[in-house]
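All remarks here apply to the structure that follows.
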Amino acid sequence: MPPGTAAHDARDDGRARVTGLLAIGFLIAASLAIGVYGVRAARTTPDFLVASRRVGSGWNAMAIAGEYVSAASVLGLAGLLLKDGIGTMWYAVGFTAGYVAVAALVAGPMRRSGAFTVPDFAEYRLASTSVRRLCGLVVLVIMWLYLVPQFKGAGVVLQLVSGTPYWVGVVLAGLVVSGSIAMGGMRSATYVQAFHYLVKLAFIAVPAVFLVVRAGADTRARALEPVTVPDGWSRPLLDIGDAGYPLLSTWSVLLATTLGAVGLPHVVMRFHTSASARAARRVAVMVIALLGVFYLFPVVYGLFGRVLTPHLVHQGATDTVAVVLPGEVAPGTLGSLLTALVAAGAFAAFLSTSSGLLLALAGGLSHDLFGSGLSRLRLAVAAGAFVAVLLSLPAAHVDINVMVGWAFAVAASTFCPLLVLGIWWPRLTLPGAVCGLVVGGVSATGAALASVAGTYASGLLTVLLAQPAAWTVPLAFATMVGVSLRWGSPPEGATRAVLRLHAP
């Protein structure tokens, strides 16, 4: 039947859906099989949370890159690039630069602390169970803010490639991730996430290279032209919602993404799986290289999307550009295959990131709040996934990168000051840490909620609420330092504890 007819188009759509479902099905089956393989090693709490600190540097680096390259990286970054312009590439800069800060400030000392989680470290450093419980609550806020866009991405991709309702992908992702993590813990997560990084890199890179070659010289030239499609696309700085403060917006995004990586609980937990502090720093450096390679490719989808799929901006579906583009460039069997590859790569991003997030969430619920034990940890995984699924169902129309940005802003405003000051400043006191955590957490979370609640006439206020890190991070640091200097005294043994963090 001739191309362009209704029957031919229907056949292409059917082929694309079958191919996409097969690719995602294979990925899910492989992920579950690898997760089951790790069950034999999860017999104690250290096995479950940190794989008994025996994960090799190469596996660990690929696993960290696998869980860090999330829906925000695979779909959200290309979608924001299409929607808001080239300035959104500052997100990729901040995501990668975050690991420079991690390697320089926290990786080695956190490994030497002997803690399993951030609340563990807080109790060790400040000698208080109350601050441990407060940190456990902050873990829940950050992890749920980060989990929602992952499950949202899974629902969007499965809906796009198969026509199933949005909620089916959300529920399926929750079941697969919670099942694999509840069985095998950190060791299962490590193997699954390392596998997912390779899948994501190959399945995103191969179609991207094909797009560059197949699109033709004219399309490549148009993609690189400094034109405004849509208006303002070529601005080098991020301007949130055309609020008129691009420099402030860009600075706030960089502050949130860079310092947020320092405070993300699932990132910090990963370094406790290394055999030594030196190995932890080596892992952080390797992750920077792996992320640098990956972030070359979302740019391709954003650049070509503004030429080939500008209609996605008006439809409010910019997060789908990476999945839609291959079919636009190569209709037919080849386009269906490439679409399936991108869809499977995106699904791998949701699964791997969700695995690390759920593990940290389970640690916050069980290990830090309600008592440890393998049975409670596994129950916490299921409970955390259930809440995340419920929160994801009404979030279908919120940009993925926006939600991830909120998680980074909360992490940068709470755990980043706690870890940096706790590691490098012996005079940090319990009242200072508690006040800083409360002020940073309430201000960053409140700003995010206020940003969703309505629109504001003031462009400055819009930016300060949508990207609050520019003021919430300095506020949290200042609160911790000021209160520590004014009230209380460092806990007994604080100097010795700090020395232990830095001693070879």
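Brief remarks follow.
- Note on LEU296 and ALA221: with the Förster distance fixed at 30 Å, the Cβ-Cβ geometry gives a FRET efficiency of about 0.95.
- Ordering of 403-409, 420-426, 462-468 by burial proxy (mean other Cβ atoms within 10 Å per residue, highest first): 403-409, 462-468, 420-426
- Label-point separation in nm, THR455 to VAL206, each point 7 Å along Cα→Cβ: 4.4 nm
- Computed from the Cβ-Cβ distance with R0 of 45 Å, the FRET efficiency linking PHE386 to ALA503 stands at 0.55.
- Entry for Kirkwood radius over Cα pairs in Å (calculated from the structure that is shown) out of (i) 22.8; (ii) 25.7; (iii) 23.9: (i)
- Put simply, when 354-365, 288-299, 258-269, 489-500 are sorted by average Cβ atoms within 10 angstrom per residue, most first, you get 354-365, 258-269, 288-299, 489-500.
- Solvent-accessible ranking of ASP120, ASP84, ASP242, largest area first, probe 1.4 Å: ASP242, ASP84, ASP120
- Förster-model FRET efficiency, 41 Å R0, LEU175 and THR495, C-beta, rounded to 0.05: 0.25
- These residues, GLU123, GLU225, go from largest to smallest accessible area, 1.4 Å probe, as GLU225, GLU123.
- The charge dipole of the chain, taken about its Cα centre with unit charges on the Cβ atoms of Lys, Arg (+1), Asp and Glu (-1) only, comes to about 1700 debye.
- For region 327-477, the per residue solvent-accessible surface stands at 32 Å², with DNA, RNA and ligands left out and a 1.4 Å probe.
- For the chain, the carbon plus sulfur part of the accessible surface works out to 70%, probe radius 1.4 Å.
The values are calculated or read from the model by the stated rules, or taken from the named source; none is laboratory data. Here the structure is a predicted model, which is why all the values come from computation and not from measurement. So basically every Cβ, Gly included, is an ideal-geometry build from the backbone, and we count neighbours across all protein chains shown. Please note that ligands, DNA and RNA were not included when accessible areas were found on the heavy atoms of the full protein model with its side chains. Shrake-Rupley method; radii C 1.70, N 1.55, O 1.52, S 1.80 Å.
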